[in-house]
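Enquirer: Structure incoming, see below.
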Amino acid sequence: QAGADLNFIDFDGGSYVMLAVKFGFPGIMKFLLDAGANPNIPDECGNTPIEVAASKGSRDMVEMLFPLTSPSSTLSDWSIDGIISHVKHFGLKPRDKQKCAKIRAELKQKASEAFKEGKYYVASEMYTGAMAFDPSPDDCATILANRSLSTLRGGNGRAALSDATMCRMARPLWPKACYREGAALMLLKRYERACEAFADGLKLDPTNGDLANALREAQEAAKNARSREK
């Protein structure tokens, strides 16, 4: 209503109807269907909303979707019970790894472009989207580091610290993860902890000039903070 696109598809391949199904909101789904939303738009794996509803055991949603969903040629018994039985026995269609990699790369590229334009919130959202497409452990750490920087530039120190901490857990021997954690702690004015993070990074990469400079700045900030407390 009010000009909204009821069939909008997000970066995860989900329509509004699909999102209502995945999050278990039958009332919202009914509202969307009554307003004319298309119940046949599949997710990135090719699963339709009625199949996802069946996989979640949501018979009420399956019953609402059934009269509006186009029959599938892959199901011999196109009925409410037939759909539920099929999904129960065969499950949903698995993700295509190559397709996931392609979408993940596209989202990371969009995030990088948004960051360069100073659109830090958009960049962090794109990185969040990329996380949904099965990154490897190392790629996950890279995405977390980049999202941490995006939220840091956006002024959200807590979110930046959370991502940096997870980044260090995912890739503990990566100096950049220590740098990201230290930078977030500096924004939060937790200077002593920032010193520890930068020092940890220097232990991993003793010749890293950025870490050395950051450690000196953190030590100076910590010293000044202690002086003000006296």
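Enquirer: Do any residues in segment 104-130 that are free of Cβ contacts under 8 Å to residues at least 40 places away in the same chain have Cβ atoms under 6 Å from those of residues that are in a helix (DSSP H, G or I) and basic (Lys, Arg), where the two are at least six apart or on different chains, and which pairs are they?
Expert: Tyr120/Arg153; Ser124/Arg147; Tyr127/Arg147; Ala130/Arg104; Ala130/Lys108
Enquirer: Are any of the residues in segment 66-86 assigned to a helix (DSSP H, G or I) and among the small types (Gly, Ala, Ser)?
Expert: Checking segment 66-86: at least one residue is assigned to a helix (DSSP H, G or I) and among the small types (Gly, Ala, Ser).
Enquirer: Let me ask another. Could you tell me which residue of segment 104-138 is surrounded by the most Cβ atoms within 10 Å (Cβ to Cβ), considering only residues that are over 16 Å from Leu149 (Cβ atoms) and of a type in the set (Asp, Glu)?
Expert: Per the criteria, the residue is Glu106.
Enquirer: For segment 193-229, give me the residue count where each residue is of a type in the set (A, V, I, L, M) and either over 21 Å from Gly157 (Cβ atoms) or part of a loop (DSSP other than H, G, I, E, B) (or both).
Expert: Here the count works out to 3.
Coordinate-derived values only; no laboratory data. Note that the structure is a prediction, hence the values are computed from the model and not measured. For neighbour counting, all protein chains shown are included, and Cβ atoms are generated from backbone atoms with ideal geometry for every residue, glycine included.
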